[in-house]
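The values are calculated or read from the model by the stated rules, or taken from the named source; none is laboratory data. Since this is a predicted model, take the numbers as computed values, not measurements. When we count neighbours, we look across all protein chains shown, and the Cβ atoms used for this are built from the backbone with ideal geometry, even at glycine.
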Amino acid sequence: MAKPIRVSGYHFHQLGDHSAALSQYETALQIQEEVDAQHDVAVTLNNMAGIYEELTQFQQAETAYQRSIALRQKIADGYGEGLTRYNLALLYQAQGRLEAAIHELQQVVELDEQLARLDLAAKDRAMLTQIQTELRARN
């Protein structure tokens with residue numbers, strides 16, 4: 001029942017209607033939490049975090065990403081954890097929190113390698129190198 005609502009939230013997000021998207025996601029999240037659909041909760045939190053980030057509500061975005069990561073770890077969703085950690089790293093980079101971004105990306109690369117996702121590992125390693133270079137240039 002919550003998936004169509006979450007999909008509706010996604011469509012509103014794509015249309016740029018952040019308010020409607022968040023409303024749909026919050027409704028979906030409530031249903032998902034009631035039925036203990038942990039994977040769906042993690043996906044919805046990740047989606048909500050992206051909207052919060054676009055709205056420059058960085059603390060809310062960070063909290064939602066962290067909640068999503070915790071759930072993904074709990075249910076052993078390594079791919080989803082890597083995706084959400086990558087998003088969190090980009091949030092940290094946008095805020096200038098490069099050390100935190102590097103920490104997250106190191107974990108992403110580790111997850112990629114554990115899951116034998118070598119295509120992703122190469123891409124994520126390149127992003128890690130880019131942020132490390134950015135940090136060195138700043139210092």
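Data for the structure
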| read-out | value |
| --- | --- |
| Test: residue in the range 70-81 that is surrounded by 15 or more Cβ atoms within 10 Å (Cβ to Cβ) and among the β-branched types (Val, Ile, Thr) | no |
| Filter result for the condition that a residue is in contact with a Gly (Cβ under 9 Å, 6 or more places away or on another chain) and surrounded by 15 or more Cβ atoms within 10 Å (Cβ to Cβ), over Ala61, Ala89 | Ala61 |
| Pro4, sole failed condition from (1) modelled with pLDDT of 95 or more; (2) over 24 Å from Ala94 (Cβ atoms) | (1) |
| Residue in the range 105-117 that is buried (at least 20 other Cβ atoms within 10 Å of the Cβ) and within 14 Å of the chain's Cα centre (by Cα) present | yes |
| Residues that are closer than 20 Å to Leu55 by Cβ and more than 18 Å from the chain's Cα centre (by Cα), drawn from the range 25-43 | Thr27 |
| Some residue of the range 63-71 being touching a Phe, Trp or Tyr at 6+ places or on another chain (Cβ under 9 Å), within 22 Å of Ala101 (Cα to Cα) and of a type in the set (D, E, K, R) | no |
| Test result for Ile51, closer than 30 Å to Leu115 by Cβ and surrounded by fewer than 17 Cβ atoms within 10 Å (Cβ to Cβ) | no |
| Failed criterion for Thr56 (all others in (1) over 25 Å from Ala2 (Cβ atoms); (2) of a type outside the set (A, V, I, L, M, F, W, C); (3) touching a Leu at 6+ places or on another chain (Cβ under 8 Å) hold) | (3) |
| The listed residue being at pLDDT 95 or above, of a type in the set (Phe, Trp, Tyr) and under 17 Å from Thr44 (Cβ atoms), out of Tyr65, Tyr92 | Tyr65 |
